[in-house]
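Just so you know, all these numbers are worked out from the coordinates, no wet-lab data involved. What you see is a predicted model, and the numbers here were worked out from it, not measured in a lab. Positions of Cβ are generated from backbone atoms using ideal geometry, with glycine treated the same way; all protein chains shown enter the neighbour counts.
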């Protein structure tokens, strides 16, 4: 009876991890061989892990990443110009903590979205608030927010994220007003948050994509000067023949 009451109180205190660990200890015949401090330490460790996992799950749910990706699963064998040292620079998410940006460019199928989601997932693991946006949908959302009067609310939401991912920049036609909205987003985040952009277009072609020299200069000024740049190349990773070739000739 006393044990049941203790468990109920732990749950009421939102110490579910500790409650679960306590129940497991009760079922272990040799648990009494451990000192009190050792048993208590195991309970505290379980609670800490439970809380960390719960918090990470919440951050990932909020991020809404397009694909489940991790840095550990990145394929370096594919001949696309990606070096392990480049990813190692970004692995600890210090670039997010320091409010730097990341620009990933390359042809269709080169793995831009996977890399972006892997870096965003790592940022979530490292405690950062992340938001993922497919570029055409983001611009539509900005347009709709302008129409229904919720633009300021959306801009505030975007400014709060430590990292926002804008995937497939330049794939759809966008109005000048929408690019000015993007400039406002980047201006609000400048020095306060990080932005990761993927695009099929090399960065030196973004002026043509934006098609407004003044706005393009302002956008690039807020993105490029403190950005890590990953330039991918080669054949599509989605081509089975290319995958087979990479498997035969692995290289970093």
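Given Cα positions, please report Rg to Rh for segment 2-62, the hydrodynamic radius being the Kirkwood one.
Details: Rg = 13.1 Å, Rh = 12.4 Å.
My calculation puts Rg/Rh at 1.05.
Roughly what % of Cα-Cα distances in segment 20-119 sit above 22 Å, to the whole percent?
Pairs farther apart than 22 Å: 53 percent.
How far, in degrees from 0 to 90, does helix 2-12 lean away from the longest principal axis of the Cα atoms of the chain, to the nearest 10?
20
Arranged by the count of other C-beta atoms within 10 angstrom, fewest first, what order do 46, 180, 84 take? Could you put the intermediate results ahead of the total?
Numbers: 46 20, 180 16, 84 10.
Ranked by crowding around the Cβ, least crowded first: 84, 180, 46.
Estimate the FRET efficiency between residue 12 and residue 157 by the formula 1/(1 + (r/R0)^6), using the beta-carbon distance for r and 30 Å for R0, to the nearest 0.05. Could you put the intermediate results ahead of the total?
Numbers: r = 33 Å, r/R0 = 1.11.
Efficiency, from the Cβ-Cβ distance: 0.35.
Mind sorting 105, 198, 55 by how few other Cβ atoms lie within 10 Å of their own Cβ, fewest first?
Starting with the residue having the fewest Cβ neighbours, the order is 55, 105, 198.
Of 121, 225, 190, which is the most mobile in a GNM of the chain whose springs link Cα atoms less than 10 angstrom apart?
Maximum fluctuation in the GNM of the chain, among the listed residues, is at 225.
Stokes-Einstein D for segment 111-183 at 4 °C, 1.567 mPa s, Kirkwood Rh over Cα pairs, in µm²/s? Can you show the working numbers first?
Values: Rh = 13.1 Å.
Estimated diffusion coefficient is 99 µm²/s.
Take 78, 99 and order them by how many other Cβ atoms sit within 10 Å, fewest up front. Walk me through the intermediate numbers first.
Values: 78 23, 99 16.
Ranking 78, 99 by Cβ neighbours within 10 Å, fewest first, gives 99, 78.
Helix 135-148 versus the longest principal axis of the chain: what angle, 0 to 90°, nearest 10, using Cα atoms?
90
I need the P(r) histogram for segment 75-211: all alpha carbon pairs, bin width 10 Å from 0 out to the longest distance, whole percents.
Bins of 10 Å from zero give 11, 42, 35, 11, 1 percent of pairs.
I need the calculated FRET efficiency for the pair residue 67 and residue 233, taking r as the beta carbon distance and R₀ as 22 Å, to the nearest 0.05.
Values: r = 21 Å, r/R0 = 0.95.
The computed FRET efficiency comes out at 0.55.
By how many degrees, 0 to 90 and rounded to 10, does the Cα axis of helix 112-125 deviate from the longest principal axis of the chain?
40
Whole angstrom only: what separates the Cα centroid of segment 1-74 from the Cα centroid of segment 138-207?
First find each Cα centre; the distance between them is then 39 Å.
Kindly provide the Kirkwood hydrodynamic radius of the chain in Å, to one decimal, from all pairs of distinct alpha carbon atoms.
Working: mean 1/r = 0.0480 Å⁻¹.
That comes to 20.8 Å for the chain.
Taking 0.36 nm per residue of separation and subtracting the Cα-Cα distance, what length does fully extending residue 172 through residue 51 add? Could you put the intermediate results ahead of the total?
On the way: separation 121, 0.36 × 121 = 43.56 nm, distance 4.10 nm.
That works out to 39.5 nm of additional length.
Spin-label point model (7 Å from Cα, Cβ direction): what's the residue 83 to residue 98 distance in nm?
1.7
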